[in-house]
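What follows draws every value from the coordinates through simple rules; no lab data is involved. The model shown is predicted, which means the values in this text are computed figures rather than measured ones. Note that each Cβ is placed from the backbone with ideal geometry, even for glycine, and that neighbours are counted across all protein chains shown.
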Amino acid sequence: MIEVRHVKKTYGKKQNKFVALDDVNFTIPDGASVAILGKSGSGKSTLMHAMSGLDRPEEGEVVIDGENILKLKAKAVDKFRATKMSFIFQSFFVQANETCYDNVSLPLEIARVPKRERRAKVQKALDAVELSDKIKSKARNLSGGQKQRLAIARAIVNEPTILFADEPTGNLDSTTGEVIENLLFDYNKKNGTTLIIVTHDPDLAKKCDMQLFIKDGKIASQVNEQKKPKVTKIPVSSRRAQ
């Protein structure tokens, strides 16, 4: 569970002071998919940075599995983030001159996973995004959609419990974007990973369990989607038999 309590973040001083987050409160259950929506400058990315410990608010708490990460020292936050979280960004940030294997292996190297264990983990991650045939290919030779899938493989190779995605389909056409969305939601459901998507796309947001609308640094509204149960249609012949 992620609990955000009375978080406040400001930038600048005196006349130039800008309140990016203003007394933000909400709770995210384990394994939920969450969309953070808002216009440019509303505080979406600042909120993601605060929730992940990439930025430190002046006030408030971010409690993950009972631990307030804002109270941890920098090295402890880095370790927490490396073992619990992963990130996917709009601009991919893959290493163009490295192979797909080397790109996906990087988080394992940072986490000091023994070399003999890396191959299987990398293969599993590339299989999950249907890029196993590209394991030896240089990232620069991939299409935009393939690069984003590679970024997802790199993000999930350490099996994070929380996955942040900042406008993950922003640079993609609608067809490729839908493929990426399906990959993210499938991973969320199959692995019980909490998925937090920063987006301005209402259609993408509606696919999430929860929608947080942020405006001027405040949570303007929260919507919990009620997933409709599947209705099994009974064939006409069967109804007649009844």
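The 3J(HN,Hα) values that the Karplus relation (6.51, -1.76, 1.60; θ = phi - 60°) gives for the stretch 3-11 are, in residue order, 10, 9, 10, 6, 7, 10, 9, 10, 10 Hz. Gly and Pro appear as x.
Mean residue ellipticity at 222 nm, helices only, the chain: -10500 deg cm²/dmol; runs of at least 4 DSSP H residues each add -39,500 (n - 2.57), and the sum is divided by the number of residues.
Could you tell me the relative contact order of the stretch 1-58? Use alpha-carbon pairs under 8 Å, at least six residues apart, and round to a whole percent. The normalised contact order for the stretch 1-58 reaches 36 percent.
Using a cutoff of 8 angstrom between alpha carbon atoms and counting only pairs six or more residues apart, the relative contact order for the stretch 24-125 works out to 13 percent.
Dividing the radius of gyration of the alpha carbons in the stretch 92-190 by their Kirkwood radius gives 0.94 for Rg/Rh. Against the set (1) 19.3; (2) 18.4; (3) 17.6, the structure's computed Kirkwood radius over Cα pairs in Å falls on (1).
Bridging of residue 79 to aspartates and glutamates at a Cα separation below 14 Å is possible for 67, 109, once same-chain residues fewer than 8 apart are set aside. For the chain, averaging the sequence separation of C-alpha pairs within contact (under 8 Å, six or more residues apart) and dividing by the residue count gives a relative contact order of 27 percent.
Scanning residues 5 or more positions from residue 193 or on other chains, none has an amide H under 5 Å from its amide H, with H placed 1.01 Å from N in the peptide plane.
Taking neighbour Cβ counts within 10 Å as the exposure measure, how do 92, 164 sort from fewest upward?
Sorted ascending by nearby Cβ count, the order is 92, 164.
Among 210, 51, 85, what is the fewest-to-most ranking by other Cβ atoms within 10 Å?
Going from least to most buried by this count: 210, 85, 51.
Its alpha carbons give the stretch 19-58 an Rg and a Dmax of 10.7, 30 Å.
Rounded to 0.05, the FRET efficiency of the residue 102 and residue 15 pair, given R0 = 41 Å and the Cβ-Cβ distance, is 0.25. When both bridge partners sit in the chain, DSSP labels roughly 50% of those beta bridges antiparallel. Loop-located trypsin sites (Lys or Arg not before Pro) in the stretch 23-121 (DSSP state other than H, G, I, E, B) with a sparse environment of at most 13 neighbouring Cβ atoms within 10 Å: 39, 73, 112. Using Cβ point charges alone (K and R +1, D and E -1), the dipole size of the chain about the Cα centre works out to roughly 360 debye. Gap in Å between the Cα centre of the stretch 200-218 and the Cα centre of the stretch 6-29? Each part reduced to its Cα centre gives a spacing of 18 Å.
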